[in-house]
Amino acid sequence: MKLGIVGLPNVGKSTLFNAITSAGAESANYPFCTIEPNVGVVEVPDKRLDFLTKMSNSGKTVPAVIEFFDIAGLVKGASKGEGLGNKFLSHIREVEAVVHVVRCFEDENVIHVESSVDPKRDIEIIELELVLADLEVMTKRLERLTKLVKNDKSLQTELELVQKLVSALENEKQARFLDYTDEELKLLKTFNLITAKPVLYVANVDEDYIANPGANKYVDEVKNHAAQDNSEVIIICGKIEEEISTLEDDEKIEFLHEMGLEESGLDKLIRVSYHLLGLISFFTTGPMESKAWTIVKGTKAPQAAGKIHTDIERGFIRAEVTSYNDVVECGTMNAAKEKGLMRLEGKEYVMEDGDIVLFRFNV
Ligand code: GDP
């Protein structure tokens, strides 16, 4: 899963991103991170995977990961080339969801590019830049399609969709708020519009507010804005996240406890992102390794197998599935099997969160 972090300068993006990279996965396993300084990879915390590793005495544990892209350089006028301009917007086209960091902390020592802390205004500035970036892409496409459609009537649906998008974007309406037919949705996905992606707001508050964010008026503004578009808000304190990310696991638990928190902001961000994108995990486990795999809810067994290897999808025969909860209850995979809790599932089986699977396939 890929997420893009956006927000005005000095709102705490790099602070959060630093927390991500230092909490991050072993970079040797993810070589592209060292090449791309603006990509950070974090492992998705999952206690179930720890249990399976112990149970199978696995040599290796391979958690699911999330890639975060730090999209720096967005300021008022970015789409017209201000700041670092459009170049950075190309990265964001690749992500599955947008994490919009909003400054909700006051600090005289940290300059605000718009001179005051004002979450609603800040959000609107960024949203407008993203709308303008999409508008530029769609306007170009409209010009091209208008010419092409004369000789190729099959492009008519696409042309109409692009016209609809251009007129919405011109009215500063984001692509994610329009209604689409199934056919339009398929086309829309290929356009990679930024404003079509789901958004998650991160309210970056002062240390003093972290245990009592309700007392922060700026957070309310973010929540009100998010409520209008049914998006979720996560409250974090970038500075504290940076500290937490350097701690060992047991120190981390103690630190969070002292702060009156149950989980770190980063863990919360990961959890909510999964929910936002409708993702679930299935597991494979054995002496070699225990591994978590990420799929979209509703994925059928052969396509889930395809995540492991396309050959397994192609040659799919059946899946041997045991639910994680059954395995925990019985203690081992074999015990669960003896109790008849291992199911043989075919091509139409819809995977469930926590399925432990062994795929059988023809080579
Ligand atoms: P970016 O431009 O959005 O990447 O912002 P940075 O992460 O560089 O943060 C700008 C400044 O704000 C830095 O000096 C940070 O230390 C500070 N900062 C970030 N998060 C917090 C926070 O939660 N509380 C306070 N007081 N300062 C913060």
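Nothing in this text is a laboratory measurement; each read-out follows from the coordinates by a stated rule. Just so it is clear, the structure is predicted and the values come from calculations on it, not from any experiment. Backbone-built Cβ (ideal geometry, glycine too); neighbour counts: all protein chains shown.
At 7 Å along Cα-to-Cβ for each site, give me the label-to-label distance between Asn10 and Lys47 in nm.
4.3
Taking Cα pairs under 8 Å and at least six residues apart, what relative contact order does segment 83-239 come out at, in percent?
Numbers: 169 pairs, mean separation 49.6, N = 157.
Relative contact order comes out at 32 percent.
In sequence order, what are the phi-derived ³J(HN,Hα) couplings for segment 40-52 according to the Karplus relation 6.51 cos²θ - 1.76 cosθ + 1.60 with θ = phi - 60°, rounded to whole Hz, with x for glycine and proline?
Result, ordered by residue: x, 10, 10, 7, 7, x, 8, 4, 4, 5, 5, 4, 5 Hz.
Pop out the ³J(HN,Hα) list for segment 144-157 in order, Karplus 6.51 cos²θ - 1.76 cosθ + 1.60 with θ = phi - 60°, rounded to Hz; leave Gly and Pro as x.
Per-residue couplings from phi come out as 5, 5, 4, 6, 5, 5, 4, 9, 9, 5, 5, 8, 4, 4 Hz.
Using a/c under 1.5 as the rounded threshold, could you call segment 298-361 rounded, prolate or oblate? The axes a ≥ b ≥ c are square roots of the C-alpha gyration tensor eigenvalues, and prolate needs a/b larger than b/c, oblate otherwise. Walk me through the numbers on the way to the answer.
Numbers: a/c = 2.36, a/b = 1.98, b/c = 1.19.
Because a/c hits 1.5 or more and a/b exceeds b/c, segment 298-361 counts as prolate.
In whole percent, what relative contact order does the chain give with Cα contacts below 8 Å and a gap of six or more residues?
Here the relative contact order equals 18 percent.
Here are some pairs, Lys47/Lys337; Lys13/Lys197; Lys173/Lys223; Lys80/Lys223; Lys60/Lys300; Lys164/Lys197; which of them have Cα atoms lying more than 24 Å apart in this structure? Please list the in-between numbers first.
Values: Lys47/Lys337 22 Å; Lys13/Lys197 19 Å; Lys173/Lys223 19 Å; Lys80/Lys223 29 Å; Lys60/Lys300 27 Å; Lys164/Lys197 17 Å.
The answer is Lys80/Lys223; Lys60/Lys300.
How about Lys217: which aspartates and glutamates have a C-alpha closer than 16 Å to its C-alpha, ignoring those fewer than 8 places off in the same chain?
Candidates past the 8-residue exclusion: Glu106, Asp107, Asp118, Asp122, Asp206, Glu207, Asp208.
Whole-Hz ³J(HN,Hα) for each residue in segment 205-210, computed from phi via Karplus 6.51 cos²θ - 1.76 cosθ + 1.60 with θ = phi - 60°, x for glycine and proline: what do you get?
Values, residue by residue: 9, 5, 3, 4, 9, 4 Hz.
Based on the alpha-carbon gyration tensor of the chain and its eigenvalue square roots a ≥ b ≥ c, which shape applies: rounded if a/c is under 1.5, prolate if not and a/b is larger than b/c, or oblate?
Details: a/c = 2.24, a/b = 1.21, b/c = 1.84.
Cα axes put the chain in the oblate bin.
On the principal axes of its Cα set, how long, how wide and how thick is segment 130-195? Give whole Å, largest value first.
Projected onto its principal axes, the Cα set of segment 130-195 covers 32, 24, 17 Å.
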